[in-house]
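Trainee: My structure is below; once you've seen it, I'll send some questions.
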Amino acid sequence: MTAPREPKRLLTIGHSYAVAVNRRLADALAGTGEWQVTAVAPARFRGDFGWHTLETGPGERCTVEAVPVYCSRPVHVMTYGWRLRTLLRQRWDLVHCWEEPYVAAAAQVACWTPTGVPLVFATFQNLDKRYPPPFGYFERYARSRASGAIAYGQTVLNVLNARGWAARPTRVIPPGVDATRFAPDPMARSSVRTSLGWIDDTPVVGFLGRFVQEKGLLQLTSTLDRLSRPWRALLVGSGPLEPELRRWAARHGGQVAIQTAVAHDEVPRWLNAMDLLVAPSRTTPRWREQFGRMLIEAFACGVPVVASNSGEIPHVVGDAGLIVPEDDADGWLRAIETLVVDGALRRDLSQRGRHRAVASFDWPVVARAHLDFFDEILDRRDGERAR
């Protein structure tokens with residue numbers, strides 16, 4: 001009798017794993033049963049909005065290893081403690097590093113990963129930047145040790161190729177969404193809208209994300225001020241523009257609601273309260289939209305999307321939403337007004353978005369794409385050894 005094949009062993013590393021929701025990829029990879037997955041996460045990490053202490057969630061299918069980190073703000077200079085080196089000396093079939101290749105932690109992982117163990121980096125960087133010392137060196141060293149790279153979007157892949165990664169296997173694989181938790185929910189829609197005192201059918205224009213200039217919120221508010229049709233607005237998020245947004249909301253009374261304390265588990269409820277989601281991101285010399293997770297979350301909830309053409313957005317949206325040039329003020333007015341008025345178009349885009357979320361972004365689909373790429377990396381290594 002043939003003995004059952006032992007699962008391959010994957011070590012995946014990322015400072016974002018300090019937050020449980022960011023370990024969904026590791027959990028989905030482990031859920032296939034093909035790999036034993038260990039996720040390395042900071043025991044304590046200082047993010048943009050304060051300290052995160054690692055917590056493991058019930059039912060997680062991956063093993064979570066807590067590692068101390070140092071100098072986590074800014075994350076570019078963060079380093080992992082010696083515990084990571086000890087872990088990397090165990091037997092792994094592949095190491096997956098979710099740290100941008102130009103940061104100190106990426107160079108550290110590249111240095112500590114044993115020769116012969118494939119190392120795959122994952123990156124969101126979609127601007128071809130000139131990195132000052134020592135970050136340019138970190139990237140070159142990480143690239144020299146890498147067996148491949150995952151680009152979280154087509155614009156990211158373009159940057160990888162421009163920076164010398166084309167000689168290594170690369171693959172465009174998007175982030176994922178839980179299409180079971182993020183799903184159309186008429187009861188949540190009714191509950192949230194009732195709590196806001198919105199009991200009629202006036203269309204609700206929504207926004208989800210950071211309240212910052214580059215997310216285009218001032219473009220959104222100026223467009224809503226020009227709408228000739230009845231509307232409501234629901235803004236979910238937080239950030240430095242909050243005082244300005246609240247002053248704008250005060251001029252519209254109960255027509256506008258701003259929610260700044262929505263936990264991620266509650267996001268599906270608030271998305272369901274929207275009739276359309278607007279993502280008017282604006283490119284700056286130092287930033288363009290890298291992906292737009294709110295887009296796929298809205299798709300999964302069946303919420304129609306109208307978004308700008310900044311960065312990766314057109315590739316994410318495809319034919320499941322409306323794309324408007326960033327600076328086309330009249331185009332924004334036409335697009336939002338059309339969706340406010342045209343219920344049939346909203347229903348059509350709702351169905352397209354839901355289908356796109358399930359077919360392209362659901363976590364099992366994203367996990368499968370990762371594992372297929374990892375197997376390709378292993379096959380390539382084995383072929384090189386056989387020559």
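Trainee: Going toward the positive end of the dipole of the chain, with +1 on Lys and Arg Cβ and -1 on Asp and Glu Cβ, which of G116, T32, G383 do you reach last?
Mentor: Farthest along the dipole direction, towards plus: G116.
Trainee: Same structure, new question: May I ask what percent, to the nearest 5, of DSSP beta bridges between residues of the chain are antiparallel?
Mentor: Here the share of antiparallel DSSP bridges comes out near 15 percent.
Trainee: In µm²/s, what is D for segment 104-208 at 25 °C and 0.890 mPa s, where D = kT/(6 pi eta Rh) by Stokes-Einstein and Rh is the Kirkwood radius from Cα pairs?
Mentor: Roughly 142 µm²/s, to the nearest whole number.
Trainee: Which loop-located chymotrypsin sites (Phe, Trp or Tyr not before Pro) does segment 1-73 contain, where loop means any DSSP state but H, G, I, E or B and the Cβ has at most 12 other Cβ atoms within 10 Å?
Mentor: Filter output for segment 1-73: F49.
Trainee: Fewest Cβ neighbours within 10 Å first, please rank C62, C301, C111 accordingly.
Mentor: C111, C62, C301
Trainee: Of all DSSP beta bridges in segment 233-387, what percent run antiparallel (nearest 5)?
Mentor: 10 percent
Trainee: Long-range amide H contacts for G311: which residues qualify at under 5 Å (H placed 1.01 Å from N, peptide plane, sequence gap of 5 or more or a different chain)?
Mentor: The list, which skips near neighbours in sequence, is E289.
Trainee: Can you compute the modelled spin-label distance between R140 and T32, with each label point 7 Å from Cα toward Cβ, in nm?
Mentor: That separation, rounded to one decimal, is 3.5 nm.
Trainee: So for segment 145-273, taking the charge dipole from beta-carbon charges (+1 Lys/Arg, -1 Asp/Glu), which of W248, L220, S191 sits furthest toward the positive end?
Mentor: It is L220, whose Cα lies furthest towards the positive end.
Trainee: Given H placed on each backbone N at 1.01 Å, which residues far from H52 in sequence or on other chains put an amide H within less than 5 Å of it?
Mentor: F45, R46, G47
Trainee: Taking the Cα centre of the chain as the origin, how large is its charge dipole in debye, to the nearest 20, when only Lys and Arg (+1) and Asp and Glu (-1) carry charge on their Cβ atoms?
Mentor: With Lys and Arg at +1 and Asp and Glu at -1, about 1000 debye.
Trainee: With a sphere of radius 12 Å drawn around the Cβ of F211, what net charge do the other residues whose Cβ falls strictly inside it have (Lys, Arg +1; Asp, Glu -1)?
Mentor: Net local charge, F211 excluded: 0.
Trainee: For a footprinting-style exposure proxy, rank L277, L234 by other Cβ within 10 Å, fewest first.
Mentor: Going from least to most buried by this count: L234, L277.
Trainee: Which three lengths, in whole Å and largest first, does segment 213-359 cover when its Cα atoms are put on their principal axes?
Mentor: The Cα atoms of segment 213-359 stretch 40, 36, 34 Å along their principal axes.
Trainee: Continuing with this model, one more query. Could you tell me the extents of segment 93-151's C-alpha atoms along the three principal axes, largest first, rounded to whole Å?
Mentor: Projected onto its principal axes, the Cα set of segment 93-151 covers 33, 21, 15 Å.
Trainee: Still on this model: Quick one: compute the contact order of the chain, relative version, from alpha carbon pairs under 8 angstrom and 6+ residues apart, as a percent.
Mentor: Reported as a whole number, the value is 13 percent.
Trainee: Applying 1/(1 + (r/R0)^6) with R0 = 35 Å to the Cβ-Cβ distance of D372 and A344, what FRET efficiency is obtained, to the nearest 0.05?
Mentor: It comes out at approximately 0.35.
Trainee: Placing +1 at every Lys and Arg Cβ and -1 at every Asp and Glu Cβ, with all other atoms neutral, what dipole size does segment 1-90 have around its Cα centre, in debye to the nearest 20?
Mentor: Computed about the Cα centre, the dipole is about 260 debye.
Trainee: If each of T79 and E214 carries a label point 7 Å out from its Cα toward its Cβ, how far apart are those two points in nm?
Mentor: 2.8 nm
Trainee: Evaluate E = 1/(1 + (r/R0)^6) for E242 and F124, where r is the Cβ-Cβ distance and R0 equals 25 Å; express this FRET efficiency to the nearest 0.05.
Mentor: According to the calculation, E is roughly 0.50.
Trainee: Give or take rounding to whole Å, what are the principal axis extents of the alpha carbon atoms in segment 208-290, in descending order?
Mentor: 36, 33, 23
Trainee: Quote to one decimal, in nm, the extra length available between R61 and Q255 on full extension: 0.36 nm per residue of separation minus the C-alpha distance between them.
Mentor: Working it through step by step, the gained length comes to 65.5 nm.
Trainee: Just from its helices, what would the mean residue ellipticity at 222 nm be for the chain, if runs of 4 or more DSSP H residues each count -39500 (n - 2.57) and the sum is divided by every residue, rounded to the nearest 500 deg cm²/dmol?
Mentor: Value at 222 nm, helices only: -11000 deg cm²/dmol.
Trainee: Give the long-range amide H neighbours of L276: residues separated by 5 or more places, or on another chain, with amide H under 5 Å away, using H modelled in the peptide plane at 1.01 Å from N.
Mentor: Here the answer is V204, G206, since their amide H atoms fall under 5 Å of that of L276.
Trainee: If the chain between R168 and R44 were fully stretched, how many nm would it gain, using 0.36 nm times the residue separation less the Cα-Cα distance?
Mentor: 41.3 nm
Trainee: Go ahead and run the numbers for FRET between R9 and I199, Cβ-Cβ distance against an R0 of 51 Å, rounding to 0.05.
Mentor: Computed FRET efficiency for R9 and I199 comes out at 0.40.
Trainee: With labels modelled as points extended 7 Å from the Cα through the Cβ direction, what inter-label distance (nm, one decimal) is found for D382 paired with L227?
Mentor: 5.6 nm
Trainee: Another question about this same structure. So how do V40, V278, V192 line up by other beta-carbon neighbours within 10 Å, fewest first?
Mentor: With the fewest neighbours first, V40, V278, V192 line up as V192, V40, V278.
Trainee: Hey, another quick one. For segment 178-309, give the share of DSSP beta bridges that are antiparallel, in percent and rounded to the nearest 5; count only bridges with both residues there.
Mentor: 5 percent
Since every read-out is calculated from the coordinates, none of them should be taken as a lab result. Everything quoted here is computed from the prediction, not taken from an experiment. So basically every Cβ, Gly included, is an ideal-geometry build from the backbone, and we count neighbours across all protein chains shown.
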